[in-house]
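The values are calculated or read from the model by the stated rules, or taken from the named source; none is laboratory data. If you're wondering where the values come from, they're calculated on a predicted model, not measured in any experiment. We place every Cβ from the backbone using ideal geometry, glycine too, and count neighbours over all the protein chains shown.
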Amino acid sequence: MTKRQIVRIDEELCNGCGICVTPCAEGAIEIINGKAKVVREELCDGAGFCLAVCPVGALSIEERAAPAFDEGATHEQAASRGRTYIAQSCFACGNTEDDAPLIPVRQSTWACVRCLPSLIHS
C-alpha cells in the first residue's frame, strides 16, 4: 500500500445514475446495487475525470493508503468491459464527440473545443 490520490464516492449522495462510469477510462467505477463504487482501487489513477460529470457532487479525490495504480490491470479491465459509450453533446452548439472533442465544464455539462475559447473569454 502506498499513500496516493484516489476517488472517493459518498454513498449517501450517490443517486446511482451511472454517469461517472464512462469517463473512468480505467474501469475503476461500476454501479453495484444502485450505487457507484470503486470496484478495484488499483484501477483508479486519481485523475478525477469522473468528478465533473456527477450531477449530485458525490465524487471527490482523497489522499489515503491504497494499492499502487496498475496500468496493466486497466488494460485487462478495458478488454473485458468492451467499449462503453454515453453520447454527450456541447451545450453551446450541439456538436457531438464525433464532431469535436468534448470537455466537461460543469456537472453533467459538456463544451466542445471549438466553443470553449469563446466561453472562457466572453
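Is one or more of the residues making up the stretch 105-118 more than 19 Å from the chain's Cα centre (by Cα) and among the aliphatic types (A, V, I, L, M)? Working first, answer last.
Taking the stretch 105-118 and keeping what is more than 19 Å from the chain's Cα centre (by Cα), we get 114-118.
Filter once more, so that each one left must be among the aliphatic types (A, V, I, L, M): 116.
Yes, the stretch 105-118 has at least one match.
Within the bounds of the stretch 8-19, is there any residue that is among the polar types (S, T, N, Q) and modelled with pLDDT under 95?
Within the stretch 8-19 (the criterion being among the polar types (S, T, N, Q) and modelled with pLDDT under 95), the answer is no, since none of the residues qualifies.
Hey, could you check the stretch 1-22 for residues that are in a strand (DSSP E or B) and surrounded by 13 or more Cβ atoms within 10 Å (Cβ to Cβ) and say which is nearest to the chain's Cα centre (by Cα)? Write out each step before concluding.
Pass one, the stretch 1-22, residues in a strand (DSSP E or B): 2-9.
With surrounded by 13 or more Cβ atoms within 10 Å (Cβ to Cβ) added as a condition, the list becomes 4-9.
On the way: R4: 18, Q5: 15, I6: 12, V7: 10, R8: 12, I9: 12 Å.
Once the filter is applied, the top-ranked residue is V7.
Taking the residues in the stretch 58-88 that are surrounded by 16 or more Cβ atoms within 10 Å (Cβ to Cβ) and polar (S, T, N, Q) as candidates, determine which candidate is farthest from A25 (Cα to Cα).
We begin by selecting, within the stretch 58-88, every residue surrounded by 16 or more Cβ atoms within 10 Å (Cβ to Cβ); these are 58-59, 66, 69-70, 73-74, 77, 88.
From what's left, polar (S, T, N, Q): 74, 77, 88.
Values: T74: 8, Q77: 10, Q88: 15 Å.
Checking each candidate, the answer is Q88.
All but one of (1) assigned to a strand (DSSP E or B); (2) at pLDDT 90 or above; (3) more than 16 Å from V7 (Cα to Cα) hold for C93; state the number of the condition that does not hold.
It is condition (1) that C93 fails.
On the given criteria, is A25 closer than 20 Å to T109 by Cα and not in a loop (DSSP other than H, G, I, E, B)? I'd like the intermediate steps shown before the answer.
On the way: closer than 20 Å to T109 by Cα: yes; not in a loop (DSSP other than H, G, I, E, B): no.
So A25 fails the test.
Filter the stretch 86-109 for residues that are free of Cβ contacts under 8 Å to residues at least 60 places away in the same chain and among the aliphatic types (A, V, I, L, M); which is farthest from A58 (Cα to Cα)? Even if it seems obvious, please write down each step before you answer.
Restricting attention to the stretch 86-109, the residues satisfying the condition of being free of Cβ contacts under 8 Å to residues at least 60 places away in the same chain are 87-103, 105-107, 109.
Next, only the ones that are among the aliphatic types (A, V, I, L, M) stay: 87, 92, 100, 102-103, 105.
On the way: A87: 22, A92: 26, A100: 28, L102: 22, I103: 20, V105: 17 Å.
Looking at residues that are free of Cβ contacts under 8 Å to residues at least 60 places away in the same chain and among the aliphatic types (A, V, I, L, M), I get A100.
Taking the criterion of being modelled with pLDDT under 90, part of a helix (DSSP H, G or I) and surrounded by fewer than 17 Cβ atoms within 10 Å (Cβ to Cβ), would at least one residue in the stretch 106-118 satisfy it?
Checking the stretch 106-118: at least one residue is modelled with pLDDT under 90, part of a helix (DSSP H, G or I) and surrounded by fewer than 17 Cβ atoms within 10 Å (Cβ to Cβ).
Yes/no matrix, rows are residues, columns are (1) among the small types (G, A, S); (2) part of a loop (DSSP other than H, G, I, E, B):
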{"site": "A36", "(1), (2)": "yes, no"}
{"site": "E42", "(1), (2)": "no, no"}
{"site": "G46", "(1), (2)": "yes, yes"}
{"site": "A52", "(1), (2)": "yes, no"}
{"site": "G57", "(1), (2)": "yes, yes"}
{"site": "F69", "(1), (2)": "no, yes"}
{"site": "A73", "(1), (2)": "yes, no"}
{"site": "E76", "(1), (2)": "no, no"}
{"site": "A87", "(1), (2)": "yes, yes"}
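Would a scan of the stretch 73-83 turn up a residue that is assigned by TED's automatic domain parsing to the domain that holds I19, among the hydrophobic types (A, V, I, L, M, F, W, C) and modelled with pLDDT of 85 or more?
Checking the stretch 73-83: at least one residue is assigned by TED's automatic domain parsing to the domain that holds I19, among the hydrophobic types (A, V, I, L, M, F, W, C) and modelled with pLDDT of 85 or more.
Consider the stretch 27-57. How many of its residues are buried (at least 19 other Cβ atoms within 10 Å of the Cβ) and under 12 Å from L13 (Cα atoms)?
The qualifying residues number 2.
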